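Trainee: One structure, as structure tokens, below. Some questions next.
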Amino acid sequence: MAEAALIRRRHVFYVEGYDPQGAAGYYDIFARSWKRFLAIWPLKTKLGPLQIESEEFAHWDIEAAGPNWQVSTRYEFLRQEHLVSATIAEPLTRQVPRALGWAFDYLVSGALARVLRASWEFGLVLIYFQLMLLGWIALAAGAGWLIGHAATAYGGLPGLAGLLLGVVSALVVFRLLRPLGQRWFVIQVNTHWPYLCEFARGEPSWFDKPIEACAQRLVAAARAAAADEIVVVGHSGGGALAPVVVARALELDPELGRHGPRIVLLTLGSILPGVALHPRAVKLHAVVARLAVEPSISWIDCQSRKDVMNFWEFDTVAGLGVEVGPARCNPTVWKVRFRDMLSSEFYVRIRWNFWRLHYQFIMANDRRAVYDYFMLTCGPVPAATWARDALAVMTAFGEDVALAEDRVASVTSASTPMALSGERITRATASR
């Protein structure tokens, strides 16, 4: 399919990150954001209900139409929430040693130093959650010591009995603080990273089964040719898994992107560099090297300066030390400015809510902007064309959302993707 051709049918595969809310939670996010999206893009739409297919897949369908275009989107969700919930619920006696081992390994292997050099903000996020775990342990140990000391010094207990009481008290306090650890994402992050590092090294993990299922589903969708474009979306932790899905699909069918619809890999606020910068992350290095030279796949990596949980201005190939030579064609880096997507009042309100900002990649804007997740996944313009010159594409839509097709076609004739400067984005947004 020619890149310039408008999309009438799209198939989206959404690869979630390490998040226990799963399909139901993400459908709720999508549905609430969809209402906000329609306030700035007055489309005729129909959002279908969430349909749970199996333990591995769920989906919902979207119909969206402007005056001179119409798109049907199958939004398929790769479910991992049952696996995530199971690992989060593991006994603390298993979680804590694994998390401490991960923190120690990142320090002595030099991975943490590499992460800090690539993105000091992301490095500080990792350090923050590691210190939160250490603080949790220290607080429990301190409480146990105080109780044991008080029992021996003032309660008349023998020293050994006081020591035993102190140890038991520390364990009880540590367990009682678990709800706070869950609320503040200390458990979720410190549980996720040890598993993700094992996966990045190529060791067997629970990630393997859903990735294999999604790769096979992707191959089947491409061979069926029922869509004009297939977009594999990976947000946050999903940004480390979605490339593996595409790479595995290419192993199953080396002609994947050549005999059917165009295949697009869209990574949003990806944490892939955070784990791939480990010197032993050989599996992810191989995946990046494979996709970097695959011309039948359009890999678009969206990054935001204000998102401390992604890597701003990071080259996912050269930055990892992966050498592929002149055959490189991926990824295209798309710099996203949240400030231009949101009203001033709302932006100020969430500016220091780092989790909410991180999720803005997959949520609705308050104003028309060059990056719009819902127009990317449900609109008529191919994703690669948006990435080539998002300003030209956005301004090709009229106030009534009619599309000037000739202006979109002219974008495709450009020889190279265009890097959008903050000044050009601001001017485009202000002109609406």
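Trainee: Compute from the Cα atoms of the chain the Rg and the Dmax, the latter being the longest Cα-Cα distance, and quote both in angstrom.
Mentor: 23.7, 88
Trainee: Let me ask something else. Compute, for the chain, the length of the dipole vector about the Cα centre, with Cβ point charges of +1 (Lys, Arg) and -1 (Asp, Glu) only. Units Debye, rounded to 20. Numbers along the way, then the final one.
Mentor: Details: 43 positive and 39 negative charges, 168 e Å.
Its charge dipole is roughly 800 debye.
Trainee: Let me ask you something else. Ordering Cys329, Cys197 from largest to smallest accessible area (1.4 angstrom probe), what's the sequence?
Mentor: Working: Cys329 60, Cys197 10 Å².
Largest accessible area first, the residues go Cys329, Cys197.
Trainee: How big is the accessible area of His149 in square angstrom, nearest 10, if you roll a 1.4 angstrom probe over the protein chains?
Mentor: Its heavy atoms expose roughly 80 Å² to the probe.
Trainee: Just subtract the alpha-carbon distance of Trp352 and Gln51 from 0.36 nm times their residue separation and send over the number in nm, one decimal. Spell out each step's value before the answer.
Mentor: Working: separation 301, 0.36 × 301 = 108.36 nm, distance 3.48 nm.
This chain segment gains 104.9 nm when fully extended.
Trainee: Same structure, new question: Work out from phi, with θ = phi - 60° and the Karplus expression 6.51 cos²θ - 1.76 cosθ + 1.60, the ³J(HN,Hα) of each residue of the stretch 75-92, listed in order in whole Hz, and give x for Gly and Pro.
Mentor: Once θ is set to phi - 60°, the couplings for the stretch 75-92 become 9, 9, 10, 7, 7, 9, 4, 5, 6, 4, 4, 5, 6, 5, 7, 4, x, 4 Hz.
Trainee: Separate question: Using a 1.4 angstrom probe with every protein chain in place, what is the largest-first accessible-area order of Phe346, Phe199? All intermediate terms of the calculation are to be shown ahead of the outcome.
Mentor: Details: Phe346 35, Phe199 0 Å².
Final ranking, largest accessible area leading: Phe346, Phe199.
Trainee: Still on this structure, please answer the following. Which FRET efficiency value, to the nearest 0.05, is calculated for Ser343 and Glu63 with the Förster distance at 30 angstrom and r the Cβ-Cβ distance?
Mentor: Details: r = 28 Å, r/R0 = 0.93.
Efficiency computed from Cβ-Cβ geometry: 0.60.
Trainee: Please name whichever of Ile7, Trp206, Met309 sits farthest to the positive end of the charge dipole of the chain, dipole taken about the Cα centre and charges placed at Cβ: Lys and Arg +1, Asp and Glu -1.
Mentor: Met309
Trainee: Sum up the lysine pairs in the chain that clear both bars: alpha-carbon distance under 30 Å and a spacing of 8 or more or different chains.
Mentor: Lysine pairs, 8 or more places apart or on different chains, close enough: 9.
Trainee: Something else: May I ask for the angle, rounded to the nearest 10°, between helix 238-252 and the longest principal axis of the chain, with both axes built from Cα atoms and the value confined to 0 to 90°?
Mentor: Rounded to the nearest ten degrees, it is 60.
Trainee: Got the relative contact order for the chain handy, in percent, Cα pairs under 8 Å and 6 or more residues apart? Let's see the in-between values first.
Mentor: Values: 749 pairs, mean separation 85.5, N = 432.
Reported relative contact order: 20 percent.
Trainee: I would also like to ask the following. Kindly report the accessible area of the chain per residue (heavy atoms of protein chains, probe 1.4 Å, no ligands, DNA or RNA), in Å².
Mentor: Numbers: 17870 Å² over 432 residues.
With the other protein chains kept in place, the chain gives 41 Å² per residue.
Trainee: Just to confirm my numbers, what's the Cα centroid distance between the stretch 1-79 and the stretch 137-175 in Å?
Mentor: 54
Trainee: Could you pull the accessible area for Ile350 with a 1.4 Å probe, rounded to 10 Å²?
Mentor: About 10 Å², ignoring ligands and nucleic acids.
Trainee: Roughly how many nanometres apart are two label points built 7 Å out from the Cα toward the Cβ at Arg223 and Lys44?
Mentor: Distance between the two pseudo-spin positions: 3.7 nm.
Trainee: Then there's this: Please report the antiparallel percentage of DSSP beta bridges with both residues in the chain, rounded to the nearest 5. Could you put the intermediate results ahead of the total?
Mentor: Details: 17 of 48 bridges.
Approximately 35 percent, going by the DSSP bridge assignments.
Trainee: On the accessible surface of the chain, probed at 1.4 Å, how many percent belong to carbon and sulfur atoms? Before the final figure, lay out the partial values.
Mentor: On the way: 10770 of 17870 Å².
Ligands and nucleic acids excluded, carbon and sulfur reach 60 percent.
Trainee: Then there is this: Starting from the Cα of Gln182, step 7 Å along the direction of its Cβ; do the same at Asp366; then give the gap between the two resulting points in nm.
Mentor: Taking the two extended label points, one gets 3.3 nm.
Trainee: What FRET efficiency do you get for Lys35 and Leu134 if R0 is 51 Å and r is their Cβ-Cβ distance, rounded to the nearest 0.05?
Mentor: Values: r = 42 Å, r/R0 = 0.83.
My answer for the efficiency is 0.75.
Trainee: Which residues does the label zone of Asp208 cover in the stretch 266-295, counting backbone N under 15 Å from a point 7 Å along Cα→Cβ?
Mentor: Within reach of a label on Asp208: 283-284.
Trainee: What is the dipole size for the stretch 1-129, taken about its Cα centre, with +1 at each Lys and Arg Cβ and -1 at each Asp and Glu Cβ, in debye to the nearest 20? The partial results should precede the final answer.
Mentor: Numbers: 14 positive and 14 negative charges, 97 e Å.
That gives a dipole near 460 debye.
Trainee: Another question, then. Does the stretch 229-384 come out rounded, prolate or oblate, given a ≥ b ≥ c as the square roots of the eigenvalues of its C-alpha gyration tensor, rounded meaning a/c under 1.5 and, failing that, prolate meaning a/b above b/c? Present the calculation step by step, with values, prior to reporting the outcome.
Mentor: Numbers: a/c = 2.34, a/b = 1.44, b/c = 1.62.
Oblate is the answer for the stretch 229-384, as a/c is 1.5 or above yet b/c matches or exceeds a/b.
Trainee: Using the basic label-point model (7 angstrom from Cα toward the beta carbon), what is the Val324 to Ala409 distance in nanometres?
Mentor: Rounded to a tenth, the inter-label distance reads 3.1 nm.
The values are calculated or read from the model by the stated rules, or taken from the named source; none is laboratory data. Predicted model only: the values in this text are computed from it and were never measured. We place every Cβ from the backbone using ideal geometry, glycine too, and count neighbours over all the protein chains shown. Remember, those area values only see protein heavy atoms, side chains included, never the ligands or the DNA or RNA. Shrake-Rupley method; radii C 1.70, N 1.55, O 1.52, S 1.80 Å.
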